[in-house]
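Written out below as structure tokens is the structure these notes cover.
A short reminder: the numbers here are calculations on the coordinates, not readings from a lab. Quick caveat, the model's predicted, so the values are computed rather than measured. FYI the Cβ positions are ideal-geometry reconstructions off the backbone, even for glycines, and counts take in every protein chain you see.
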Amino acid sequence: MAEFILYEVDGAVATITINRPKALNALNSQVLDELDATLDAIDLDTVRCVILTGAGEKSFVAGADIGEMSTLTKAEGEAFGKKGNDVFRKLETLPVPVIAAVNGFALGGGCEISMSCDIRICSENAVFGQPEVGLGITPGFGGTQRLARLVSPGMAKQLIYTARNIKAEEAYRIGLVNAVYPVEELLPAAKKMAAGIAAQAPIAVRNCKKAINDGLQVNIDEAIVIEEKLFGDCFETEDQKAGMGNFLAPKDQKVKVVDFKNC
Ligand code: CAA
């Protein structure tokens with residue numbers, strides 16, 4: 001039984017809540033281990049979309065645990081970075097999409113974990129930033145890499161070198177988040193988006209995620225070959241037959257929502 005992670009499934013949508021509100025959901029080794037185990041335990045036969053959020057009203061994740069990091073040696077620091085990076089990479093490459101519902105502080109490792117998700121939406125009180133250089137370290141859970149890829153190298157460098165925190169509106173303006181909601185509307189919006197994703201053909205959605213993620217790592221010629229393979233992979237599936245069959249059916253036999261069976 002996890003102490004710091006809540007996991008619930010509602011239909012095809014799972015919600016993972018990082019639940020260490022007394023420390024503003026800071027990521028210590030235990031939280032990372034529990035998150036890792038939670039990701040491993042997701043039943044991918046039923047779950048088609050995941051929401052990641054933080055417990056409490058103030059914070060999504062306020063970063064890696066500074067107390068735990070404060071006494072690490074160089075080798076231990078590197079190992080702690082690897083521990084976080086491994087979990088975040090598992091999250092990033094989870095076969096189904098993950099929506100970060102950023103409900104407050106997303107600093108350091110908090111901003112970094114949100115960037116490992118497919119989609120970020122946030123509440124009006126959200127604050128993003130990579131304050132690490134003010135603590136005498138670099139971002140260590142992927143921030144130097146993902147922020148530069150998500151916004152622009154110049155903007156990422158400015159934010160990281162200055163350790164400046166930005167509010168929700170600025171995060172929206174620079175493309176770090178897709179939308180900003182009043183606090184109480186954030187989770188309903190995340191659930192609505194997740195349900196919309198879960199209603200689509202699951203094999204196709206997974207293949208889109210893989211095509212986008214894998215394609216971004218290689219040159220365009222290799223990337224389109226990745227797309228072709230994943231496109232071809234959808235054919236002959238029951239879901240492809242159901243989706244196209246519904247489109248081609250006579251008007252009076254069409255359904256609004258196709259019951260995709262994930263096969
Ligand atoms: N690590 C450990 N504990 C943390 C924490 C963190 N990253 N962030 C907050 N907490 C703890 C505080 O120590 C405090 O604990 P106590 O009540 O026991 O004193 C509790 O959470 C509440 O925090 P505050 O009293 O500071 O709350 P606040 O509202 O005054 O300030 C805040 C909120 C601005 C987010 C402030 O807590 C803060 O600056 N936190 C640190 C943010 C940060 O620097 N994150 C980056 C960490 S480094 C990193 O993540 C490295 C990496 O890339 C892997």
Could you list, ordered by first residue, the pairs with Cβ atoms under 6 Å in which the first is in region 130-141 and within 6 Å of the ligand (Cβ to nearest atom) and the second is among the hydrophobic types (A, V, I, L, M, F, W, C), at least 6 apart or interchain? 131/107; 131/163; 141/88
Could you list, in sequence order, the residues of region 30-79 that are among the hydroxyl-bearing types (Ser, Thr, Tyr) and within 12 Å of the ligand (Cβ to nearest atom)? 59, 70
Quick count over region 80-103, residues being away from the ligand (no atom under 12 Å from the Cβ) and of a type outside the set (Val, Ile, Thr), is 11
Checking the conditions here, which among 46, 17, 53 is closer than 21 Å to residue 103 by Cβ and free of Cβ contacts under 8 Å to residues at least 60 places away in the same chain? 17
Keeping to region 186-223, report how many residues are surrounded by 14 or more Cβ atoms within 10 Å (Cβ to Cβ) and not small (Gly, Ala, Ser). 16
Taking the condition touching a residue at least 12 places away in the same chain (Cβ under 8 Å), more than 25 Å from residue 83 (Cα to Cα) and charged (D, E, K, R), does residue 164 pass? yes
Residue 212 versus (1) touching a strand residue (DSSP E or B) at 6+ places or on another chain (Cβ under 7 Å); (2) part of a helix (DSSP H, G or I): which is the lone unmet condition? (1)
